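To start, the structure under review is shown below, and the notes come after it.
The values are calculated or read from the model by the stated rules, or taken from the named source; none is laboratory data. In this text, all values refer to a predicted model and were calculated from it rather than measured experimentally. With ideal geometry, Cβ positions are generated from the backbone for all residues, glycine too; neighbour counts draw on all protein chains shown.
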Amino acid sequence: MEYNKTKISILKGDITEQKVDAIVNAANNTLLGGSGVDGAIHKKGGRIILEQCKKIGGCPTGEARITTAGNLPCKYIIHTVGPIYSSNNDRNEKLLYNAYYNSLELAVNYNIKSIAFPAISTGAYGYPVKEAIIIVFPAVIDFLDSNGSIDNIEFVLHNDEIFTVYNEYFTQNLGIL
Ligand code: AR6
């Protein structure tokens, strides 16, 4: 679909293979790597990403930081940290919203025109996908309403169940987005 001239798409796959300007990493506060999408990005991207992350020195939950992408086909990695679902309670929604919004804001500051997001916090951090999705799209739409200069936003889902939830939400809300 298109919103304010930005193409928004959902696909099933591996975010490390996306040939976009930037991919978003679902990192942790240390930015020193981990499992899941974070592990895949560091493994395929190579040590240069970790070296830059070490220099940055961490990232608070809901904020975003940027590095180059090493051996990956994209140009940049935007590292953001989503909330750990079980430990934030009433702040989960705001923190997840901020992770998406701040990643997009950082992207625009770097003149990034295409960006791919994983389903932040829905793996190790335990955020239920059906609760996450109703935060993700409004965050993106709010951002585009105030800042339209991104051409392409992709949601790259690694897992069938999550892809189905995104797809249903996308289909049902297409008319009102
Ligand atoms: N491409 C796209 N999505 C992926 C990929 C991939 N290659 N691999 C996994 N996913 P997670 P979190 C999906 O656990 O919940 C790390 O250890 C996966 O199916 O990667 O934000 C960090 O260092 C899930 O839907 O991130 C943190 O400590 C989604 O990515 C912690 O995990 C997010 O799952 C962050 O947890």
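For the list (1) part of a loop (DSSP other than H, G, I, E, B); (2) buried (at least 19 other Cβ atoms within 10 Å of the Cβ); (3) without any contact (Cβ under 8 Å) to a residue 12 or more places away in the chain, I need the number of the one condition that Asn111 fails.
Condition not satisfied by Asn111: (2).
Show me the strands (runs of 3 or more DSSP E) entirely contained within the stretch 1-100 in which 3 or more residues are away from the ligand (no atom under 14 Å from the Cβ).
In the stretch 1-100, the matching strands (runs of 3 or more DSSP E) lie at 6-12, 64-68.
Across the stretch 101-123, what is the total count of residues that are at negative phi, within 15 Å of the ligand (Cβ to nearest atom) and out of contact with any Ser or Thr (no Cβ under 6 Å at 6 or more places or on another chain)?
9
I need the full set of residues from the stretch 1-39 which are over 22 Å from Thr67 (Cα atoms) and β-branched (Val, Ile, Thr), in order please.
Kept after step one, since they are over 22 Å from Thr67 (Cα atoms), are these residues of the stretch 1-39: 1-13.
Scanning the stretch 1-39 gives Thr6, Ile8, Ile10.
For the stretch 20-51, which residues satisfy the criterion of being over 14 Å from the mean Cα position of the chain (by Cα) and surrounded by 21 or more Cβ atoms within 10 Å (Cβ to Cβ)?
Once the filter is applied, which keeps residues that are over 14 Å from the mean Cα position of the chain (by Cα) and surrounded by 21 or more Cβ atoms within 10 Å (Cβ to Cβ), the stretch 20-51 yields Leu31, His42, Gly45, Ile49.
Residue by residue, here is whether (1) in contact with a Lys or Arg (Cβ under 8 Å, 6 or more places away or on another chain); (2) of a type in the set (Gly, Ala, Ser); (3) at pLDDT 95 or above holds:
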| position | (1), (2), (3) |
| --- | --- |
| Gly62 | yes, yes, yes |
| Arg65 | no, no, yes |
| Ile78 | yes, no, yes |
| Asn109 | no, no, yes |
| Ala116 | no, yes, yes |
| Ser121 | no, yes, yes |
| Asn147 | no, no, no |
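So which of Glu17, Glu93 ends up being of a type in the set (Asp, Glu), under 24 Å from Asn152 (Cβ atoms) and under 17 Å from the mean Cα position of the chain (by Cα)? Give the derivation first.
Details: Glu93 fails: under 24 Å from Asn152 (Cβ atoms).
Result of the check over Glu17, Glu93: Glu17.
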